[in-house]
Structures are given as C-alpha cells and as structure tokens.
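The values are calculated or read from the model by the stated rules, or taken from the named source; none is laboratory data. Just so it is clear, the structure is predicted and the values come from calculations on it, not from any experiment. Neighbour counts are summed over all protein chains in view; Cβ atoms, including those assigned to glycine, are modelled from backbone coordinates with ideal geometry.
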Amino acid sequence: MKLFFAALFWLLALSPQQVRQEDSLRRAKMYELFMAGDKDGVLAESRSLVDFHLENGSEKQLFDAYASLFERQQMWGLYDEAVATLEEMSSQAGGRPLGTAITEFCFGQLYLGNRQPQEAEGHYRRAFRELSALGENGRALRAGLNLQAVAMNLNELEKGLGMNDSTAFILEKIERKNGKLSVPNRLKQSRYRFVLLQRLGRMEEARPLKDTLLHYAAIINDPSQDEMIYTAVAQFEQQDGRKEAAYALLDTLVQRQLRNGNYAKAAQHRLALADFQKDNGDLALAVDNYRLYAAENDSAQVHLTNEQLNELTKRFQLNELKQENAAARQRMAFLTLVLVLLAAIALGSLFYARILRRKNRMLYKASREEIHAEEASEQHLSQEPQTPEERLYASLLGLMHDEQLFQNPKLGRDELSARLGTNRTYLSDAIRQCSGFTVSGFINHYRLRWAAEALSGRPDLSIQAIGEDAGFGGRSTFYRLFQEQYGMSPSAYRTASGL
C-alpha cells in the first residue's frame, strides 16, 4: 500500500519544467496587479506563490518567493507582516545554505529600511559571503552594493571602497555569463565608487568617473537615476572648485521637479543650491534661492494637504454609498468631515507657522551675512578707492553715514550731486558702476539696510518709527520695499532677530 501511494504521489507531482512555467505565470500575474495598483492582489498572489513552492518548488524557488513577498511588504510599510515573513523564512531555512543566505539578505534589508545601518551591515556581510560562495551572483551583487551604502552611512569609507572592488569582480562574472554589459548595475557600481573617492578627497581618481556616470545615465534615461547622478556630480563640482557647473546641475534638477509638480523635491534641490552659493560667497544668489526654497516648500505642504483632503473626501463618498440610512448617515459624515477639515486646517496652520518661522530665520541669517559683506566691501572701497568713480562713491557713502541724509524722504539726485560737488550724470554713473543701483535704488537700499539694523538692534523704537527715521514717507511703501528686499515683513524680521 505504501508503495502504491508513493507511486501515485510521484505520478501526480509536477515536473521541474511545470513548476518553472507556473512560477512564470504567477509572477506575470503579480506584475499585472502591481501595474494596476492592486496592492492587496499583489500581496495575496505573492503569498500564494510561497505556498505553491512549499509544496512543489526547489529551495531557490521557495526563498525567492519568500523574498518577493517580504520586499513588497516592506515597500508598502507593512512592518509587522514583513517581520512575520522573516520569522517564517528563518524557520524554513533550517540548515539549508541558500535559504539561510537569502534570509540574511532580507534581514539586512529590514534593518537598512528601519535606519539601523550598524545592524544591517552584519546581515549583508554574511549574505554577501554565502551568496558569492553559492554562485548566486545577482543577489550577492545587491548585498555588496547595499554594503557600500551602509559604509557611507557609517562613514567607513575605506571599507566601502574595498567592497566596491569585490562587487566589481562579481559584476564582471555576471556580464561574462550573460554576454552583455549590465548598464544599471554598472551605473550603481560607478556611482558608489565616485562618491566614496570624492568623500575620501581622492578627487583625481574620482574625476574620470564623472563622465562615465553621465554616459550611463544618458543610456538608461531614468529621471530617478538622473537625480542621484546629478546630485553626486554637483557635489563633486562644488568640492572641485567648479561652482558654476554645480549650480547648473542643481538648477536642472529644480526645473525638472517643478515641471513634474514635485515641489518637495524641487525645494530639496533648491536648498542645496542656495547652500552651495552661500558657501561660495555668492550671497545675493543664495538669498534669492533661499526665498524660492521657502515658496516651493510652502507649495509642497499645500499640495500634500490637498492630497490628504482629497483622500478624506473619497473615503467620505465611499462610506456614503454603504449607508442604509442615507439622510442620517450623511449628516453624521458631513459633521465628521467638517471636524476633520477644521482639525486639518488647525494642524496645517500650526505646521505652516513653524515652517514660516524656520524660513524667516534662514532669510534673516542670510540677510545679516549679506549686510555684513556689503559693509566690509564698502569699508575696503573707502580705504582704497582705485578709480574716480570709486572715490566719488566712497565720498557718497561717508556722507550718507555721517550726516544720515537718507532720513530726508525727498532726498534725490540733485541734492546728492550738489553736496558732493559733482554733476547728476557723473553721480549716477558712479553709483551704477560701484553698486549696480540707480540713484533712487541706492537710496532705498541704504534706507532698508539701516532699517534692518535698527529692527534687530533697537528694541526701543517702534516699527513705524524706524520706517519714518529711515526716510520712508509712508508705511505701505516701507513695508512693500522691505518685503521685496528681505523676503519678509519688518515685524517678521524683528521677530526672527530674537527681539
């Protein structure tokens, strides 16, 4: 009888070819569900594939199916489910080498995704060693690349560079086997090496990789890859002293994200651009980009809030369709929605106020640096004027400082040229050459700079008094020009100063 059932089982068992065909069909179905946005369907089919291979598959097929299920759970934030899958994998692995290696790899993924690089490193390292020994080069390469990311996170750069050499060897084996160049993996391998060398300060070794990265990025033509590549190359150009090239790359990323309506990403790259400009002493450019960063960051928050409100509205409408007592339920849902919207508005207002305070602090700091830089430049010019225009401009600065002519609301070109003993045209030319302003622009800029100093250093003066003392004839003109120059109102500027 036992022999009969054994023979029957053998006859009914699927052949390896049938198992492979079924695996391919199920994975194709999973892909279709994924492209349709059916997360529940993908997870159900992934679990079904695991169960199928528990009955019919090889060790590799089973743990590949487990890994697919785990990675989708992790991708979609199902942390408890992902941990449960890992526990099941561990119990199934037993003493099976490949199952153990793939499970170690997934543990590394879990810890890295949970921002625990120190814990992830040990699992990735064991997975890399065991997968390499078993000839599982594809997953071994992934483990090695992730180890390089971990090394950069932990600032263990030499260790990361050593792992880069090891993955280069594995990548060559994969390409020899497939008979073609693996451009996506070449891109990752080159990018990690480029960034590691750059952070180690080995710029001459990193420099040839720049063109390699841009070449691979052009072949792949993937915007998400372009973002990482352009960011890395921009950092290199900045560190290598080619600031204009760095600015251009970051501006390309900003404009691309704005075209796509991704204000959060645009703000992120805009902030990096402003920081580069500030570090390079291009303070006027930095101030402009800090202002744009603030606006784009605000737009990103508004966009996020709108998405949340749209989602709430969709849920509300869906729930309405399921109600048996439509009128009573509708009133209840409407009240709930109003309360949610009020809560969202209140939270949004608090969040916006926090962002605005942060933005104003950044703008205030940038304005103080800009003012100090202008004062230092003016002091140097006053001490060592080179041309007749610079000497005239230095005399003008001294007159404005010593006699505070700017406090006269009617101050203009005629009075200034008379006081300096020159003609109006020559005065205008000197101001334009030395400051880039017209005469009226120079006067207003000087008034606003004086007002900014008073706002941050004279708590005894009211804002209205400061505007009048600065020479502005009307409150609205003062507020409008101050907002244009410093990106915030005078009252916000005083608050940002800490007074």
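Key figures for this structure:
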item	result
Long-range neighbours under 9 Å by Cβ, at least six apart or interchain, first residue closer than 17 Å to N297 by Cα and surrounded by 13 or more Cβ atoms within 10 Å (Cβ to Cβ) within the range 342-357, second modelled with pLDDT under 75 and not β-branched (V, I, T)	G348/Q301; F351/Q301; Y352/D298; Y352/Q301; I355/D298; I355/Q301; L356/D298
Any hit, the range 69-76, residues being surrounded by 16 or more Cβ atoms within 10 Å (Cβ to Cβ), in the same structural domain as F34 (by TED's automatic domain parsing) and without any contact (Cβ under 8 Å) to a residue 24 or more places away in the chain	no
E384 modelled with pLDDT of 75 or more, closer than 27 Å to Y493 by Cβ and either of a type in the set (D, E) or not assigned by TED's automatic domain parsing to the domain that holds R449 (or both)	no
Subset tally (residues that are part of a helix (DSSP H, G or I), hydrophobic (A, V, I, L, M, F, W, C) and closer than 12 Å to M152 by Cα) for the range 198-210	0
Flag for Q268 being in a helix (DSSP H, G or I), within 25 Å of D211 (Cβ to Cβ), polar (S, T, N, Q) and not assigned by TED's automatic domain parsing to the domain that holds M203	no
Helices (runs of 4 or more DSSP H) contained entirely in the range 386-479, each with at least 3 residues that are more than 23 Å from E370 (Cα to Cα) and in contact (Cβ under 8 Å) with a residue 40 or more places away in the chain	none
Flag for E415 being charged (D, E, K, R) and outside the structural domain of F437 (by TED's automatic domain parsing)	no
The range 158-197, residues that are among the hydroxyl-bearing types (S, T, Y) and not in a helix (DSSP H, G or I)	S182
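Residue-by-condition table, conditions (1) surrounded by fewer than 18 Cβ atoms within 10 Å (Cβ to Cβ); (2) modelled with pLDDT under 90; (3) not assigned by TED's automatic domain parsing to the domain that holds S132:
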{"position": "M1", "(1), (2), (3)": "yes, yes, yes"}
{"position": "A13", "(1), (2), (3)": "yes, yes, yes"}
{"position": "D40", "(1), (2), (3)": "yes, no, no"}
{"position": "A44", "(1), (2), (3)": "yes, no, no"}
{"position": "D64", "(1), (2), (3)": "no, no, no"}
{"position": "E87", "(1), (2), (3)": "yes, no, no"}
{"position": "E104", "(1), (2), (3)": "no, no, no"}
{"position": "F107", "(1), (2), (3)": "no, no, no"}
{"position": "Y111", "(1), (2), (3)": "no, no, no"}
